[in-house]
Amino acid sequence: MQNSKISKARKAYISIMKALMWLSVAVTCSLVAFLIIYVFVKGIPNISWGLLSEKPSYLSGKIGILPDILNTVYIVIATLLIVLPIGVGAAIYLTEYAQNKKLVNIIEYAAETLSGIPSIIYGLVGMLFFCQFLNMKTSLLAGALTLVIMNLPTIMRTTQESLKTVPQSYREGAFGLGAGKWRVIHTVVLPGCVDGIITGCILSVGRILGESAALLFTAGFAHALNGIIDGLSSSGCTLTVALYVYAKEQGEFGIAFAIAAILMILTLIINLSAMLVEKYFRKRRNV
Amino acid sequence: MSNIITVKDMCLWYGEHQALKDINIDIPSKSITAFIGPSGCGKSTFLKSLNRMNDLIPSVKITGDVKYNGKNIFGSSVDVNELRREIGMVFQKPNPFPMSIYDNVAYGPRTHGVKSKAKLDDIVEQSLKDAAIWEEVKDRLKKNALGLSGGQQQRLCIARALAVKPAVLLMDEPTSALDPISTSKIEELTIKLKENYTIIMVTHNMQQAVRISDQTAFFLLGELVEYGNTETLFSTPKDKRTEDYITGRFG
């Protein structure tokens, strides 16, 4: 009799816990679904060919986000071009060459801390150092350099982690054939961790796309239509900053939602491509 | 028969721990020398010292003399990459690179500056033939080497080592991860290879040492206990410890 009582209590307990778990799942999913649907419903109707292919004009009152799209592309390219060699180089040095393990640990710890700092602080430092001290003014380049500092830890740590997954036996095999250290690294070790580097890159692109705080101070707000060279040296607005400007300063919420929808689609595409790239390389490595 | 490697009073430390004590050994060229002994006796460590693979471990300290063709391998004028080209190595676990069979074998020659496609083709074919694997892979040279079986991978690694035309081949328990058929293939291969190469092989398998080696060295606790003609060592060991080991009293 007592046994069945306990089991009844237990049954009730189990079903309550189950209900709670279902509830939390439902809340999480509906929040995400609501956000996506809300942004798409509000944003998609405002996306038009004119919006995507023109620049804004105060005279005619037209709004176009082509300059912002281009600025975003420029800043992504510039940031990756600078951050990749530095980040991958640092990772190679720390994992393959550095002898002082204590120092390496300190650097890794510092890098991890750095990647957790709020981005507005990067913006502030970027403004004081790049824009004012180095006299770059507010420009896409200053913004890109700020993003370089922000993304350096990500690229470095993901590269390091994937360098560590390359089996020691590959290195031994190459050394045993009389290959020098650099040859071993660039012919055997690096090809083995391309997938990790690419994953790091894609994560960084996602971060760059989504970044606004660090760029508010450094990259500026201009909507001018420029080529990449001129664009980098002049003030320019990226999509996320444009979203902020249109919503907050001009009250154009329709445009802001359109940009939000575009950003969301871009993020989706980036995450999907990250998945595909990783799958492709994993398949290639395992034959 | 001349000695290609001569070792005098060599000691090796891992940090504070002395792993090898006063090793003296002369290794004749174009023969098979087997190193036997229980796990942790220093035989693999010693093998890896011969082409300075222990350089990769920062805490290793070595004293004494190791001469290859009369030249001290730890001398300041020695190019360690050239030394490793001449003294090649085959590892315990097959470790082909994750690239094509062709690229695996061509890796060494390319490293040492061979660029001509025709020449590389020749080297790859000859090395694969010498390693007795050509017939099995000639139709799939562009396929990834990781798709081969364990035994094939190990013969590919031997081909890869032969491709740089070494004089000595160090083999660190090359058959311990393989099945009996692959093992006997590799044993036959080593016997064939000794016509042109000096082979030094660490093995856990005493029958293997008896089957293929000309000389055997018995290591125990970092010391070289006994070294001599394989038949003599196994039939009339001079040292009591050798006798105990080969009759299976410990190890």
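Given the criteria farther than 19 Å from A:V241 by Cβ, under 23 Å from the mean Cα position of the chain (by Cα), not aliphatic (A, V, I, L, M) and not assigned by TED's automatic domain parsing to the domain that holds A:E252, does A:F34 qualify? Give the steps one after another, and end with the answer.
Numbers: farther than 19 Å from A:V241 by Cβ: yes; under 23 Å from the mean Cα position of the chain (by Cα): no; not aliphatic (A, V, I, L, M): yes; not assigned by TED's automatic domain parsing to the domain that holds A:E252: yes.
For A:F34, the condition - farther than 19 Å from A:V241 by Cβ, under 23 Å from the mean Cα position of the chain (by Cα), not aliphatic (A, V, I, L, M) and not assigned by TED's automatic domain parsing to the domain that holds A:E252 - is not met.
Give the residue, chosen from A:I75, A:I65, that is buried (at least 20 other Cβ atoms within 10 Å of the Cβ) and within 21 Å of A:I202 (Cβ to Cβ).
On the way: A:I65 fails: within 21 Å of A:I202 (Cβ to Cβ).
A:I75 is the lone residue from the list that is buried (at least 20 other Cβ atoms within 10 Å of the Cβ) and within 21 Å of A:I202 (Cβ to Cβ).
Report, ordered by the first and then the second residue, all pairs with beta carbons closer than 9 Å, sequence separation of six or more or different chains, a first member in segment A:265-279 that is closer than 19 Å to A:I197 by Cβ, and a second member that is surrounded by 13 or more Cβ atoms within 10 Å (Cβ to Cβ) and of a type in the set (D, E).
Note: pairs meeting the criteria are A:V277/A:D195; A:E278/A:D195.
Counting just the residues of segment B:144-159 that are within 8 Å of chain A (Cβ to nearest Cβ) and more than 13 Å from the chain's Cα centre (by Cα), which one comes out surrounded by the most Cβ atoms within 10 Å (Cβ to Cβ)? Even if it seems obvious, please write down each step before you answer.
Let us first name the residues in segment B:144-159 that are within 8 Å of chain A (Cβ to nearest Cβ), namely B:144, B:146-147, B:157.
Subsequent filtering for residues that are more than 13 Å from the chain's Cα centre (by Cα) retains B:144, B:146-147.
Numbers: B:N144: 19, B:L146: 16, B:G147: 14.
Looking at the filtered set, the residue picked out is B:N144.
Filter segment B:60-80 down to the residues that are surrounded by 17 or more Cβ atoms within 10 Å (Cβ to Cβ) and under 19 Å from A:G180 (Cβ atoms), then identify the one that is nearest to the other protein chains (Cβ to nearest Cβ).
B:I73
Any residue at all in segment B:121-134 that's surrounded by fewer than 19 Cβ atoms within 10 Å (Cβ to Cβ) and within 12 Å of another protein chain (Cβ to nearest Cβ)?
no
Can you tell which of B:I87, B:I36, B:I5 is buried (at least 21 other Cβ atoms within 10 Å of the Cβ), closer than 16 Å to B:A161 by Cα and among the β-branched types (V, I, T)? Give the steps one after another, and end with the answer.
Working: B:I36 fails: closer than 16 Å to B:A161 by Cα; B:I5 fails: closer than 16 Å to B:A161 by Cα.
Unique residue meeting the criteria: B:I87.
Which residues, taken from segment A:201-258, are among the acidic types (D, E) and outside any helix (DSSP H, G or I)?
Applying the first criterion (among the acidic types (D, E)) to segment A:201-258 yields A:211, A:230, A:249, A:252.
A:E211, A:E249, A:E252, listed by residue number.
Quick one: which helices (runs of 4 or more DSSP H) lie wholly within segment A:115-186 and hold at least 3 residues that are β-branched (V, I, T)?
A:119-126, A:140-164
Which count do you get for residues in segment B:91-105 that are in contact with a strand residue (DSSP E or B) (Cβ under 9 Å, 6 or more places away or on another chain), surrounded by 20 or more Cβ atoms within 10 Å (Cβ to Cβ) and more than 8 Å from chain A (Cβ to nearest Cβ)?
Residues flagged as in contact with a strand residue (DSSP E or B) (Cβ under 9 Å, 6 or more places away or on another chain), surrounded by 20 or more Cβ atoms within 10 Å (Cβ to Cβ) and more than 8 Å from chain A (Cβ to nearest Cβ) within segment B:91-105 amount to 1.
Looking at B:K185, is it farther than 12 Å from B:Q92 by Cα and within 14 Å of another protein chain (Cβ to nearest Cβ)?
Values: farther than 12 Å from B:Q92 by Cα: yes; within 14 Å of another protein chain (Cβ to nearest Cβ): no.
Answer is no for this residue.
For A:I69, state whether it is among the β-branched types (V, I, T), assigned to a helix (DSSP H, G or I) and modelled with pLDDT under 90.
On the way: among the β-branched types (V, I, T): yes; assigned to a helix (DSSP H, G or I): yes; modelled with pLDDT under 90: yes.
It is true that A:I69 is among the β-branched types (V, I, T), assigned to a helix (DSSP H, G or I) and modelled with pLDDT under 90.
How many residues, within segment A:133-174, are acidic (D, E) and either more than 14 Å from every other protein chain (Cβ to nearest Cβ) or surrounded by 24 or more Cβ atoms within 10 Å (Cβ to Cβ) (or both)? Before the answer, list the steps.
Looking only at segment A:133-174, we keep the residues that are acidic (D, E), and these are A:161, A:172.
Narrowing further to those that are either more than 14 Å from every other protein chain (Cβ to nearest Cβ) or surrounded by 24 or more Cβ atoms within 10 Å (Cβ to Cβ) (or both): A:161.
Adding up the residues that qualify gives 1.
Report, by residue number, each residue of segment A:249-266 that is at pLDDT below 85 and closer than 24 Å to A:A142 by Cα.
Once the filter is applied, which keeps residues that are at pLDDT below 85 and closer than 24 Å to A:A142 by Cα, segment A:249-266 yields only A:E249.
The values are calculated or read from the model by the stated rules, or taken from the named source; none is laboratory data. Because the structure is predicted, anything quoted here is derived from the model rather than measured. Quick reminder, even Gly has a Cβ in these numbers, built from the backbone with ideal geometry, and neighbours come from all protein chains shown.
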